[in-house]
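Read through the structure below, which is laid out as structure tokens, and then see the notes.
The values are calculated or read from the model by the stated rules, or taken from the named source; none is laboratory data. Just so it is clear, the structure is predicted and the values come from calculations on it, not from any experiment. Neighbour counts are summed over all protein chains in view; Cβ atoms, including those assigned to glycine, are modelled from backbone coordinates with ideal geometry. The protein model used for the area step is the full one, side chains on, heavy atoms only, and it has no ligands, DNA or RNA in it. Shrake-Rupley method; radii C 1.70, N 1.55, O 1.52, S 1.80 Å.
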Amino acid sequence: TLRPEAKRTMTQLHELGLEVRILSGDRKEAAGAIAQQLGIKPTQVQAEVSPAGKVNAIAQLQQLQKTPKRVGFVGDGINDAPALAQANVGIALGSGTEVAIETADIILINNSLTDVTAAILLGRKTFNKIRQNLTWAFGYNLICIPLAAGIFLPTFGLSLNPGFAGGLMALSSVTVVVNSLLLRLRA
């Protein structure tokens, strides 16, 4: 049966620009009925798939087109464990079997499909923070270390007191930490 939050989750995943497919061991009729309720095209549904077939299907998706696709897989059963391992990101429901939970990269403790979207958004925000922090730290080191070393003194007459540069380095570290903590406010 379709989970109550499934339609909302599908809408959210489509808004994030993600392509959603159904890969199920269930009968074709059951998988087709779920797909129809969710607005998924019949071509995006594979049913009656064995655990090995799920692994193969994910591997094929990962190799599609000129640039390989990153594939996420959501599952909760013993039969899903190999597919969870094959996927770039395996997501297991907390109520799932122990083997699925052990195999997955992410475990959704609340067992809500909407947490799939929340996990994706949190991952994207985290990578954005990492990029911001690396840019800040690299920029600081690119400018302040040569200034403190006196490299620009002969040509441009610019230098930075090494003690002051050390203070700026500490301030740079504090800036990176505070920027990272801001993720909690927006998550």
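Below, the figures for the structure above:
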item	result
Lone unmet requirement of (1) of a type outside the set (Val, Ile, Thr); (2) without any contact (Cβ under 8 Å) to a residue 12 or more places away in the chain; (3) surrounded by fewer than 17 Cβ atoms within 10 Å (Cβ to Cβ) for Asn111	(2)
Of all residues making up the stretch 90-107, the number that are open to solvent by 60 Å² or more (accessible area, probe 1.4 Å), hydrophobic (A, V, I, L, M, F, W, C) and within 15 Å of the chain's Cα centre (by Cα)	1
Cross-chain or 6+ apart pairs with Cβ under 8 Å, the stretch 126-147 first and under 16 Å from Leu183 (Cβ atoms) and without any contact (Cβ under 8 Å) to a residue 40 or more places away in the chain, then open to solvent by 30 Å² or more (accessible area, probe 1.4 Å) and in a helix (DSSP H, G or I)	none
Complete set of residues in the stretch 39-63 that are open to solvent by 40 Å² or more (accessible area, probe 1.4 Å), within 14 Å of Gln86 (Cα to Cα) and part of a helix (DSSP H, G or I)	Pro51, Ala52, Asn56, Gln60
Given (1) at pLDDT 90 or above; (2) open to solvent by less than 40 Å² (accessible area, probe 1.4 Å); (3) not hydroxyl-bearing (Ser, Thr, Tyr), number of the condition Leu147 does not satisfy	(1)
Where Asn111 falls short, out of the listed (1) closer than 23 Å to Pro4 by Cα; (2) at pLDDT 95 or above; (3) not basic (Lys, Arg)	(2)
Count of the stretch 17-38 residues which are open to solvent by 40 Å² or more (accessible area, probe 1.4 Å) and assigned to a loop (DSSP other than H, G, I, E, B)	7
Residue that is farthest from Leu134 (Cα to Cα), among those in the stretch 170-187 that are open to solvent by 80 Å² or more (accessible area, probe 1.4 Å) and without any contact (Cβ under 8 Å) to a residue 40 or more places away in the chain	Leu185
Test for Ile130: is it modelled with pLDDT of 90 or more, out of contact with any Ser or Thr (no Cβ under 6 Å at 6 or more places or on another chain), part of a helix (DSSP H, G or I) and open to solvent by 70 Å² or more (accessible area, probe 1.4 Å)	yes
